[in-house]
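Remarks on the structure that follows.
The values are calculated or read from the model by the stated rules, or taken from the named source; none is laboratory data. This structure is a prediction, so every number in the text was calculated from the model and none was measured. Please note: Cβ atoms are built from the backbone with ideal geometry, for glycine as well, and neighbour counts cover all protein chains shown. To get the accessible areas, we keep the full protein, side chains included, count just its heavy atoms, and leave off ligands, DNA and RNA. Shrake-Rupley method; radii C 1.70, N 1.55, O 1.52, S 1.80 Å.
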Amino acid sequence: MADASQRPEDGPADLILAMVARDGTAASPHAQALADAGAPLRDLADAIHALCVVHGTFPGLVDHAAAHGADSLASTWMARTAGVMASERALLVRLAAAAGPLPSTPGQASAAAAILQQRDTLALLARSDRLGCATGATAAFVLDWIAVRDLLERCAERLGETPVASFAAVRDDAVAMLRGLALAPPGMRALTFGADQLLRQHRGLWQLLESRAAAREG
């Protein structure tokens, strides 16, 4: 969650952007390794399949948040973003098909259970009745997806898939939404809590995928 280095004058956008930069996918050593042109294709396939399980099915995180409606801070933005993420799910499915089957890895059953648990945990987070929590989670998800999307674009290039449209406008929309929020301290705490929980799940996913890559090399 927000740390002592963050200034009292920081607004919602500043806080969430700082959290994503510090704890998100871009800071993951394994995600960075996968972005390398020489990353093993089996490791890329493993990551794509895992992302497809967590974020490639409907309803996804944003769909749950938009449909639940308990967090009314950014309902219009959530509905708009849910439509955008439908095309991202299609991209994940397309890349999973192009990447081929899941690579054989020791401990597959336990890993599969952990990945499914992540999907369920994110669905619960998106349906939180605490005002601000789902907004924080979905905003952090969209902003962290920038780094995920960069990795997916590199995968698409290596797999000979059609280039995908830019995600920049979606990022800008999320930042604009956050900048438009005026939150009392309880709402800010809920917002950063939701963001922190989302980033914890993504961090755990990359750590799991890193362990699986090491197990295949052993």
Original post:
Which net charge results for the neighbourhood of ALA33, defined as the other residues with beta-carbon distances under 10 angstrom from its beta-carbon, given Lys and Arg at +1 and Asp and Glu at -1?
Top reply: -3
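Please compute the per residue accessible area over the chain with all protein chains in place, 1.4 Å probe, rounded to a whole number of Å². Write down the numbers at each step before the final one.
Numbers: 9660 Å² over 218 residues.
Accessible surface, normalised per residue, equals 44 Å².
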Original post:
Roughly what angle does helix 108-126 make with the longest principal axis of the chain, taking Cα atoms, 0 to 90 degrees, to the nearest 10?
Top reply: 20 degrees
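What does the net charge come to around ARG212 if you take all other residues with beta carbon closer than 12 Å to its beta carbon, with K and R at +1 and D and E at -1? Before the final figure, lay out the partial values.
Values: positive: ARG42, ARG216; negative: ASP43, ASP46, GLU210, GLU217.
Summing Lys/Arg as +1 and Asp/Glu as -1 gives -2.
Taking 2.2 N^0.38 Å as the expected size of a compact globular protein, what ratio does the Cα radius of gyration of the range 130-185 give against it, to two decimals? Please report the intermediate quantities before stating the final value.
On the way: Rg = 14.6 Å, N = 56, 2.2 N^0.38 = 10.2 Å.
This ratio for the range 130-185 stands at 1.44.
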Subject >> Positive-end residue, the chain charge dipole about Cα centroid, Cβ charges, pick of MET78, SER28, PRO101 >> reply: PRO101
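What does the net charge come to around ALA45 if you take all other residues with beta carbon closer than 14 Å to its beta carbon, with K and R at +1 and D and E at -1?
Values: positive: ARG42, ARG94, ARG154, ARG158, ARG212, ARG216; negative: ASP43, ASP46, GLU161.
Cβ neighbours under 14 Å give a net charge of +3.
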Original post:
In degrees, nearest 10, range 0 to 90: what is the angle between the Cα axis of helix 75-99 and the longest Cα principal axis of the chain?
Top reply: 10 degrees
Original post:
Leaving out ligands, DNA and RNA, what percent of the accessible area of the range 1-106 is carbon and sulfur, probe 1.4 Å?
Top reply: 62 percent
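Dipole size in debye (nearest 20) for the range 168-207 around its Cα centre, Lys and Arg Cβ +1, Asp and Glu Cβ -1? Walk me through the numbers on the way to the answer.
On the way: 5 positive and 3 negative charges, 28 e Å.
Dipole size: approximately 140 debye.
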Original post:
For the Cα atoms of the chain, what angle does the longest principal axis make with the long axis of helix 41-55, in degrees from 0 to 90, nearest 10?
Top reply: 40 degrees
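In whole percent, and with a 1.4 Å probe on the protein chains, what portion of the accessible area of the range 124-218 is carbon and sulfur? If you can, show how the numbers build up before the last one.
Details: 2150 of 4140 Å².
With neighbouring chains kept in place, the figure for the range 124-218 is 52 percent.
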**OP:** Taking every Cα atom in the range 1-142, find the radius of gyration and the maximum pairwise distance Dmax, and write them in Å.
**Re:** 16.7, 50
**OP:** Place a +1 charge on the Cβ of each Lys and Arg in the range 126-203 and a -1 charge on the Cβ of each Asp and Glu, then give the dipole magnitude about the Cα centre in debye, rounded to the nearest 20.
**Re:** 300 debye
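So what's the range 56-113 giving for Cα Rg divided by 2.2 N^0.38 Å, two decimals?
Working: Rg = 15.5 Å, N = 58, 2.2 N^0.38 = 10.3 Å.
Output field value: 1.51.
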